[in-house]
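To start, the structure under review is shown below, and the notes come after it.
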Amino acid sequence: MKYLFSVISLIIYLEGISQSFPYTFQTWDVTNGLSSNYCNAVVQNADGYLYVATNSGLYVFNGNYFKPLSRETEPVYIGEGNVEDVTIDIQNRIWFASIERGVGMVDPNEPNFKVSYFSPKKSVTTLSNDSLYDAKVSKLCFDSKGFLWVGTRGDGLYKLDTATKKFTTFETDNKSSLYNKYIRSLFFYKPDTLFVGMINGLSIVNPLDNSIIHKNMIDAETKKSIRPTVRKVLPWNTDSFLLATDRGTFWLQISTGQLSSIYKDNITKIDFEDVNSNDILKFSDQEIWIATENEGIIFFNVKTKQFSYSYKLSEYKPGIPKGFISRFTKDALNNIWIAQQNGVSLFQSYNVQFRGFAFEDKEPFAGSLLARDDNLICIKSNSIATMNTLTGKTKVKNISTLKRKDVIPSSVVPISSEDFLLFLFDSIFTVNYKTLASRYMPLNRTRVDSTVFKHFRVTACIPDTLNGKREYLLFTKTMMGNILLNYFPEDGLLTDFIPDGFKKEDFKYGFTKVIKTGNGKYWISTLYNGLIYTEKNGKSIQYSAGAAEENRKIPPGEITDFALTSDNNVWLLINKTGLIHLNPNTRSARAYKIYAEEQGLLDKRLYNIITDLQDNLWLTSNSGLFCFRTVEKEFLRYSAANGLGNIKFQVNEVELAKTTNGYIGLSDKYTNLTWFKPEDIYKNAKPNLILHSLKINDSIINLKTIHSTLHLSPNQNNISFQHDIIDFDKTTFYKVMFRLDNFDNRWYYSNYNNEQRYMQLPAGKYTFRIKLQHPNGEYSNEKNFSFIIETIWYKTWWFKSIITLLCLCIIYFSIKFYINRKLYKQKKELELQNAVALERARISTELHDDLGGGLSTIRILSEANNHLNGRHPSNENLVKISKHSKELLQKMTEIVWALNIKNDTFDQLLSYIRLQTVQTLDETGIQYKIEMPENIPPIMINGINRRHLMLLIKEAIHNIVKHAQANFVDIRFALVADQLTLIVHDNGIGIDEIVATLHKGNGLHTMQQHALALGGILKIEKKAGTCVSFCVPINKISYESVISNKQNHV
C-alpha cells in the first residue's frame, strides 16, 4: 500500500501551454545547385518555375534542382555579380536588376534564351553580354500600363518603356532624404500610387501623370520628424500601411504621416526599433511575418501583441530560416518563398494543418500515445499531458516517482473510458482520469519468468471476460522482446498467453501487436509466425508464408504492425516488403495483395499503422509519414518539408493514436507531439509537367517558339526531349511515361530522368508524347510535340522515281539493242539461207535439166538398143548401163528433191517418203500400212535433214525387202509433244539381237549415222519381226522457228 499512497500524494496537477513552434520550412542551397547561398529575391512565372536572384546570378528552380538561366548556351549563368531583384511581365518575360550590367531581360518565348541588357546611363540602350560597368540597378516594379520602374543605388529613379527600350529619368529630390537617389524599395499599390522607398525617406509617385509627393513622417510618440530607410510597404487598410525599415517595423498613417512602432517588449528587452526589417508579409488577418537582417523571421500577432522568432525555436528543426532574411514571395498556391542568406526556403500553406507540441522536459514516454474523446494523452515517466485537438490547449499532470536506482520505468495504459492502469515498479494501480483516484491492484508474478520484469513495460491492455471471470490481455515489452500476458485483477495472477496450437518457444518473444475484434476474437501479429486469428481457449488460424492452404498464405517477413478497416479487412506492415492487404473472407486462391513502390511507397522500413475515419491508412516509416488512400490505391508522403519537422521518423518508436473527432496524433516518444485532421491535408497540389525544349544533335530549341509541325533535315536525327516537373509539394508519387509514335511500340518509363534521347531516327513523321501516371491509374494532361524528319535526297520518292525511270530506259534500250543486234544477225542468216536456197534451186534445176536429161537419154538409148536386138541375146553391158543409169537417175532425183527449197516443209517430206515407200513395196508385193498425222504443222526442214530422214527410212524399207522375208510392213509417223516419232515394223524373221545391238552391217551402220546426223535416237528391236523406231525433237531438224522469229521481229 505504500506505493499507492506515494502515487496519490505525489500527483500534482499543472496546466500550461506548449512552447512549440508551429511552422516548418524546407530550404535549398548550394547543395541543390546554387552557386551562392545569398538569395535576394524570388518570383514565380505562369508555368510554375521559380526565378531566384542571387549574388552570383539568376537561377531557375523547378522544385528538384536549380539551374542557371542560360545567356546563350548552358551552363553560363546570368551575370558574374549581384542580381538584386527579379520580376515578370504579362508576356512572361523575366526582368532582373543587375548591379553590374543594368536591367536584364530574358524572353522564354524566344528560340534561344538570349539575355539583353539595358542601361539607364549608356547612350546605347542594348549592351553586350560581356560589358561590365557599375549600373547600380537594384529594384524593379511594373505599373498598370506595363512601364518598368527602375530603382538604382545612387542614380535615382527611371521609367523604362519595355516596347521601345527607352529610359525616362524621374527626379526624386527630397529635402527630407539625405540620399534620395538611393532607391531601396518599389511597391505598386494601385494605378495612381507607386511607393518609392529610399534611404531616409518615402515618396509616392503617380504613374498616370508622373507627379511625385515626398512623404514627411512623424514619430507618433515624440512628435518629431523621423526619416527611416523604407524597405517595404505593406497595405493594411485604406489609410494604414506597415513599413519595414532600418529602424524596425512601423504603422504608417498616410493621412497624417504618423509612424508608430508595432510593438515593444520591455520584459525581454527586445525593441523592434533596433531590428532592421527588410520585408513584411501578411500571413493572416492576425499575424504578420517580418524579415529581419539579424533575427531571422519575426512572427507577430497584431491583436495579442505576442511574437516569436524562427531562429530561437529551431534547435531541432533544420531548414528554418534564421539570420539575414531578404524577401518574402507568395506563389499561386499561397505558399511562401523566402530569399535568405542561407538559400531559398519554402513554407507550404497547408503546413499549418500539422500542429505541434514540444515537451520542455526530455523524459521518454512510459506508455503509448493514447486518445480519449477529442484529446490526445501522452504519458511519460514523470508526467501525463492531455492535449485538446480542437483548441490546442494542453494540461500536464506531473507524477513524482520514487527516486531509486532499481526503479523500473512505469507504464500507463487505458482500460476503460474513465480509468487507466498504472504500472509502477512491481505494483499495479488503477487511476481515474478526472479525479486521479487510485486503487491498488494485486500482482502475482510467480507463474511468469522473472527475467520478464527486467525493463518491463506494458503498452496495450485489452479487457476481456472468460467464464464470467474478468481479465486483461497485456501486450508487454521486455528486455528479451515482446510477450502477451494474461492478468487476472481479482487475484493479481500473471500468466503467459500462448495461442492454441502453438508453444511458447515458437514465438521467441516475437509478438508485435494484438487487436480484439467485435466478436471477441484476437488478431495477433508476430515476427516469425505470421498473423494469427484466435480466441482464448479456442482454435487458432495462422496466416503465414508457409501455410498449407493457398488462401492462408501471406508474404514472408517480419510483421511490424497491422490494422483493421471497417470492412474487417486486415492491413499488414511487413518490413522491407510493403503494405499487405489481406482479405480473410475471400475464397480465391490468393487472399493478399502487396502495395509498395508501384503505388508510391518509397520507403519500406515500416513501423506503425493506423486507420482514419475514411478507412485510409497512415503509416510511419524511416523517412516520414505515408497515407495510403484505400479507394484510390495510392500513397501520399509527408515529411519535415510538409510540416512534420518536429517528429523524428528515424526511430521506430513513433506512436500513432486517433481521437473520436478524427484527429490523428503522432509522437516520437521523446519531446514532440503532432496532430492533424486527415481530410484537411488530402488536398495536395498536383505536379505540373512541362515539355520545354528539344535538343537536336547539339542545338537546343525552345518548344514554346514552335507553333506547328517542325521539319528537320535527314541529318538532324539525334533528338533529345527535355522536360521538367514542377513539384514543390512532393507528397504525390508519380511516374513519367513517354513514347514516340511511329517509333516506339509501347509506353516507357523515364526513371526520373528529365531527358529522353533518340539516336539515328529514320525519316518519317513522329509525335513525342509524355505524361505523368499516378498510382491510382489517373494520368496528367499529356504533352506532345510533332515533327518530321525529311527523307535524304537519294531516298526520296522523286529520286527513286527518276532512278526507276532511268533503269527502265536502260533496260529498254539494252533490250532494244539486243533485239536489233539479234535481228541483224538473223537477217544476215536469212539472207545467207535465201542465197543458199537460191543456189540450191539453181543447182537442182541444172541437175534436173542437164544431168538428168543426159542420164535419161543414156537410159533410153541403151534400152532402145536392147529392143533392136530383141531377137538376139541381150547385151550384158547395155543392161548394166541401163540399170546404172536408172539408179543414177533415181539418186539424182533424190538429190534434186533435197536441194529444192519448195520441198523444205514437213508436209512435203512426208508426202515424198510415202511416195517412195509405196513404189518400193508395190514392186516387191509386200503388203503395208502407213499412218500419217492428221494435222501436219507448217514446219520447215532444210534439205540436208530431209535427205538424212528420207535415206534412214529408205534403208529401213530396203532391209525389209532384202532380208526380212516379210509380207507385211506397218509404218507410222507421229508428232507428240514436239517430238517426231517414226516406227517401221515388219512381220519377218526378225533381226539378230547382237547385230541389232551392235549395229553391224553397212545398212544398220548407215541408218545409225543418219540418226546421229539428225540428233535423234534410233532403236532396232526384234519384236514379232523387226521394229525400227526413231525419235527426234522437231526443233533439231526444223528451222521454222528461226525464220518465224525473224519475221515476227522484223
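Quick notes
- Table column - 3J(HN,Hα) (Hz), the stretch 818-834, Karplus curve with 6.51, -1.76, 1.60, x for Gly and Pro: 4, 5, 4, 5, 5, 4, 4, 5, 5, 4, 5, 5, 5, 4, 5, 4, 4
- In this structure, the amide hydrogen of E558, modeled 1.01 Å from its nitrogen in the peptide plane, lies closer than 5 angstrom to those of N575, counting only residues at least 5 positions away or on a different chain.
- With a simple spin-label model that places each label point 7 Å from the Cα along the Cα-to-Cβ direction, the separation between N935 and E287 comes to 11.3 nm.
- Estimated inter-spin distance, F799 and S36, nm [label 7 Å along Cα→Cβ]: 5.4 nm
- Shown in residue order for the stretch 692-700 are the 3J(HN,Hα) couplings computed by the Karplus curve 6.51 cos²θ - 1.76 cosθ + 1.60 at θ = phi - 60°: 10, 8, 10, 9, 10, 6, 10, 9, 9 Hz (x for Gly and Pro).
- For the pair T517 and K686, a Förster radius of 41 Å applied to the C-beta separation gives a FRET efficiency near 0.60, rounded to the nearest 0.05.
- Long-range amide H partners of K513 with built H, under 5 Å: S525
- Amide proton proximity set for I199, modelled H, under 5 Å, gap of 5+: Y182, R184
- In Hz, Karplus ³J(HN,Hα) per residue of the stretch 289-296 (6.51, -1.76, 1.60; θ = phi - 60°; x = Gly, Pro): 10, 10, 8, 10, 8, 9, 10, x
- Taking 0.36 nm per residue of separation and subtracting the current Cα-Cα distance, fully stretching the chain between N64 and E831 would add 266.6 nm.
- Förster-model FRET efficiency, 60 Å R0, I843 and Y749, C-beta, rounded to 0.05: 0.05
- Counting 0.36 nm for each residue step from K303 to L333 and taking away their Cα separation leaves a gain of 8.2 nm.
- The Cα-based radius of gyration and maximum Cα-Cα distance (Dmax) for the stretch 486-645 are 16.6, 53 Å.
- Cα-Cα over 18 Å, subset of K503/K593; K67/K330; K181/K215; K232/K305: K503/K593; K67/K330; K232/K305
- FRET efficiency for the pair K508 and E549, taken as 1/(1 + (r/R0)^6) with r the Cβ-Cβ distance and R0 = 22 Å, rounds to 0.35.
- In percent, rounded to a whole number, the relative contact order of the stretch 675-744 is 39, using alpha-carbon pairs under 8 Å and six or more apart.
Quick note: the coordinates plus some simple rules give every number you see, no bench work behind them. Here the structure is a predicted model, which means the values were calculated and not measured. Methodologically, a virtual Cβ is constructed for each residue, glycine included, from the backbone with ideal geometry; neighbour enumeration extends over all protein chains shown.
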